[in-house]
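The values are calculated or read from the model by the stated rules, or taken from the named source; none is laboratory data. This is a predicted model, so every value here is computed, not measured. Every residue, glycine among them, receives a Cβ derived from its backbone with ideal geometry; neighbour counts consider all protein chains shown. Remember, those area values only see protein heavy atoms, side chains included, never the ligands or the DNA or RNA. Shrake-Rupley method; radii C 1.70, N 1.55, O 1.52, S 1.80 Å.
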Amino acid sequence: MMVQDNPFLALTAPGIAGLTPYVPGKPVSELEREFGISDSVKLASNENPLGPGPRARAAIAAQLDELGRYPDGGGFELRRVLAEFHGVTQSAVTLGNGSNDVLDLVARTFLQPGTESVFSQYAFAVYPIATQAVGATARIAEARDFGHDLEAMAALVTDRTRVVWIANPNNPTGTWLAAAPLRSFISSLPSTCMVVVDEAYTEYVSEPDFPDATHWLESFPNLIVTRTFAKAHGLASLRVGYGLSDPRVAELLNRVRQPFNVNTFAQAAAAAAILDREHVRASVELNRAGMRQYTEAFERLGLDYIPSVGNFITVDVGRPAGPVNQELLRRGIIVRPVGNYGLPHHLRISIGLESENARCLAALEELLAP
Ligand SMILES: *Cc1c(COP(=O)(O)O)cnc(C)c1O
């Protein structure tokens, strides 16, 4: 049946008819089923190739006897650890089933039909989805050099704007905003507009003028900073992230939060992971070496890429990326086409283990040979 013929469409809430679902990276199991292959590598969802560290693994194992019980709906211990880690009050912390959940809570709390959200071209795909799902209107600022153009974004803010979304660094481009311009942008926003700074990849960034927006929470009551355990902490499967904000904002977000949105294992693992500096350090170091592996190869192959400070790199393959992606899949290599972001000649590649990166690069070299 054609989607347009769906008789239930007429019954849906505002926004649903125009909604296009998020396209996730292809799971390894699906690829291997489809192509009848094994030993494939997934470099498509910006996961940590090392997975979680030993402290998180132990914390998960220690919770097995709790399987039959509901989780702590208030997430007391995890919120306590996060509050201490960031030097904020516990009432500033909102836990999410992944930080994606927190982004959704923001949309459901502050957006509705007739209001608008602002974000950049090539920004993370969840911002348009969260906006559309609640029937609000997206205002999209043209990018500059693939990154956020804060002046163009500021020009779209009106008295109807309730949320501005900023990923720093951004996915899928890996571009980033320095402290001074970002802070001055936030301070220029009207108090009727929330601003989300999505710091999903913050652990990977070492640029000296890269900001930690959590330090600005005291200055800006309309600021919400989101973090995740899915990337550098290697806990993507458990779905856990959080928002930090003014406690009055957190109180509103928690009104729409599902009572048990973060499961017991996720809470325990996250509380252990945030304190495992050694695992984050090893993950960041591996990423840095892998990033060098890709950029050196791309230079050698004459491929343009978007300089990235994240754990992924988006490369221009110089031709429609769809067929290249298909050929990579046949070779057991899963990367992410970004045509849905308006980048039809690019592929986003997550930095993996050295051997995984080498396989991906060898396949690309073979496929793109003149
Ligand atoms: C991966 C990602 C997230 C969310 O990840 P969760 O798994 O939901 O925590 C948020 N923002 C950006 C920019 C991301 O790339």
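Would you mind telling me which numbered condition in (1) more than 18 Å from Arg144 (Cβ to Cβ); (2) within 15 Å of the ligand (Cβ to nearest atom); (3) open to solvent by less than 30 Å² (accessible area, probe 1.4 Å) Asn170 fails?
(1)
Yes or no: Ala232 buried (at least 21 other Cβ atoms within 10 Å of the Cβ), under 25 Å from Tyr305 (Cβ atoms) and more than 16 Å from the ligand (Cβ to nearest atom)?
On the way: buried (at least 21 other Cβ atoms within 10 Å of the Cβ): yes; under 25 Å from Tyr305 (Cβ atoms): yes; more than 16 Å from the ligand (Cβ to nearest atom): no.
No: the conditions fail for Ala232.
Please pick out the residue among Ile224, Ile186 that is outside any loop (DSSP other than H, G, I, E, B) and in contact with a Phe, Trp or Tyr (Cβ under 7 Å, 6 or more places away or on another chain).
Numbers: Ile224 fails: in contact with a Phe, Trp or Tyr (Cβ under 7 Å, 6 or more places away or on another chain).
None of the other options fit; the residue is Ile186.
For (1) surrounded by 21 or more Cβ atoms within 10 Å (Cβ to Cβ); (2) charged (D, E, K, R); (3) within 16 Å of the ligand (Cβ to nearest atom); (4) more than 24 Å from Pro247 (Cβ to Cβ), each residue gets a yes or a no:
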site: Leu182; (1), (2), (3), (4): yes, no, yes, no
site: Val195; (1), (2), (3), (4): yes, no, yes, no
site: Thr202; (1), (2), (3), (4): yes, no, yes, no
site: Val205; (1), (2), (3), (4): no, no, yes, yes
site: Ala213; (1), (2), (3), (4): yes, no, yes, no
site: Asn222; (1), (2), (3), (4): no, no, no, no
site: Thr226; (1), (2), (3), (4): yes, no, yes, no
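Quick one: in the range 120-145, which of the residues that are in contact with a Phe, Trp or Tyr (Cβ under 6 Å, 6 or more places away or on another chain) and more than 18 Å from Pro21 (Cβ to Cβ) is nearest to the ligand (Cβ to nearest atom)?
The qualifying residue nearest to the ligand (Cβ to nearest atom) is Tyr122.
Inside the range 346-370, can you point out the residues that are in a loop (DSSP other than H, G, I, E, B) and within 14 Å of Gln293 (Cβ to Cβ)?
First pass over the range 346-370, keeping only residues in a loop (DSSP other than H, G, I, E, B): 351-353, 369-370.
Ile351, Gly352, Leu353 - these are the residues of the range 346-370 that are in a loop (DSSP other than H, G, I, E, B) and within 14 Å of Gln293 (Cβ to Cβ).
Return the pairs, sorted by first residue and then second, in which the second residue is part of a helix (DSSP H, G or I), the first residue lies in the range 138-151 and is at pLDDT 95 or above, the beta carbons are less than 7 Å apart, and the residues are 6+ apart or on different chains.
Note: pairs meeting the criteria are Ala138/Pro128; Ala138/Thr131; Ala138/Gln132; Ala141/Ala152; Ala141/Met153; Glu142/Ala152; Leu150/Pro181; Leu150/Phe185.
Quick one: which residue in Thr115, Thr94, Thr89, Thr109 is open to solvent by less than 10 Å² (accessible area, probe 1.4 Å), more than 9 Å from the ligand (Cβ to nearest atom) and either of a type in the set (Val, Ile, Thr) or not assigned by TED's automatic domain parsing to the domain that holds Leu156 (or both)?
Checking each option against the conditions leaves just Thr94.
Would a scan of the range 259-274 turn up a residue that is more than 25 Å from Pro27 (Cβ to Cβ), at pLDDT below 95 and assigned to a loop (DSSP other than H, G, I, E, B)?
yes
Would you tally the residues in the range 57-78 being open to solvent by less than 70 Å² (accessible area, probe 1.4 Å) and more than 30 Å from Arg255 (Cβ to Cβ)? It would help to see each step written out before you state the result.
Pass one, the range 57-78, residues open to solvent by less than 70 Å² (accessible area, probe 1.4 Å): 58-61, 63, 71, 73-75, 78.
Then drop every residue that is not more than 30 Å from Arg255 (Cβ to Cβ), which leaves 58, 61.
Count: 2.
Taking the range 283-314, which residues are in contact with a strand residue (DSSP E or B) (Cβ under 8 Å, 6 or more places away or on another chain) and either without any contact (Cβ under 8 Å) to a residue 24 or more places away in the chain or assigned by TED's automatic domain parsing to the domain that holds Asn170 (or both)?
Our first condition is that a residue be in contact with a strand residue (DSSP E or B) (Cβ under 8 Å, 6 or more places away or on another chain); within the range 283-314, this holds for 291, 294-295, 298, 303-306, 308, 311-314.
Selection gives Thr295, Phe298, Asp304, Tyr305.
Is there a residue in the range 9-24 that is touching a strand residue (DSSP E or B) at 6+ places or on another chain (Cβ under 8 Å) and within 30 Å of Arg281 (Cα to Cα)?
no
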